[in-house]
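These notes are about the structure you will find just below.
Every read-out reported here was derived from the displayed coordinates using simple, explicitly stated rules and does not represent laboratory data. Quick caveat, the model's predicted, so the values are computed rather than measured. Cβ: placed from backbone, ideal geometry, glycine included. Neighbour counts: every protein chain shown.
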Amino acid sequence: MAIDDQQGDVRLFQTDDDGDISVENGIIAMDGGLATAAYLSLWGGNEEDDASDGNPANWWGNLLENQPSRRYRSRTQYLTQTLPLTTANLLRVEDAAKADLQWFLDEGVATELTVSASVTGLNRLQIDISINVQGEETELTFVETWKKDIALHT
């Protein structure tokens, strides 16, 4: 990795204790694609914000943003903090992820978006996202440790 590679967004990735960045030889890894924007849409903002109107846990940065599509509500993050990981709740996670990523469509960044959630292990959630940008597909996978402290039920 060279300093010349410092274009785009800082590459964020999910770990067992939330997000992280990669640093190699003192240089932060960057990403020129959609992964960081998707990551921040799913896990940015305040984890106590359920995205309801008037929620006092709304991330402070949202109060300064006039365009709704630019606000971080992170419904996905909220669900992983508050609900048990059940197959029934996977549909709620998919709906939440679609809502968190809707701005891709609203802003014309993407023409199509699909989301699929699955259980990959004990308290392990996988979210697969396909984003179509002018006929070019971007496939993203996020694996999250379900934060709600109860056992897996299917």
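So what's the back-of-envelope 222 nm ellipticity for the chain, counting only DSSP H runs of four-plus at -39500 (n - 2.57) apiece and dividing by all residues, rounded to 500?
Numbers: 4 runs with 41 residues, N = 154.
Helices in the chain give a 222 nm mean residue ellipticity of -8000 deg cm²/dmol.
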Determine the sum of side-chain charges near ALA51: Lys and Arg each +1, Asp and Glu each -1, restricted to other residues whose C-beta is under 13 angstrom from that of ALA51. -2
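Which number do you get for Rg(Cα) / (2.2 N^0.38 Å) in the stretch 23-63?
On the way: Rg = 14.4 Å, N = 41, 2.2 N^0.38 = 9.0 Å.
Here the answer is 1.60, to two decimals.
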Could you grab the relative contact order for the stretch 1-143? Cα pairs under 8 Å, six or more apart, rounded to a whole percent. 16 percent
How long, wide and thick is the stretch 3-145, going by the Cα atoms along their three principal axes, in whole angstroms, largest first? 44, 40, 34
From zero up to wherever the largest Cα-Cα distance of the stretch 63-143 sits, split into 10 Å bins and tell me the percent of pairs in each. 18, 46, 29, 8, 0
How large is the dipole of the stretch 3-145 about the Cα centre if only Lys and Arg carry +1 and Asp and Glu carry -1, each at its Cβ, rounded to the nearest 20 debye? 400 debye
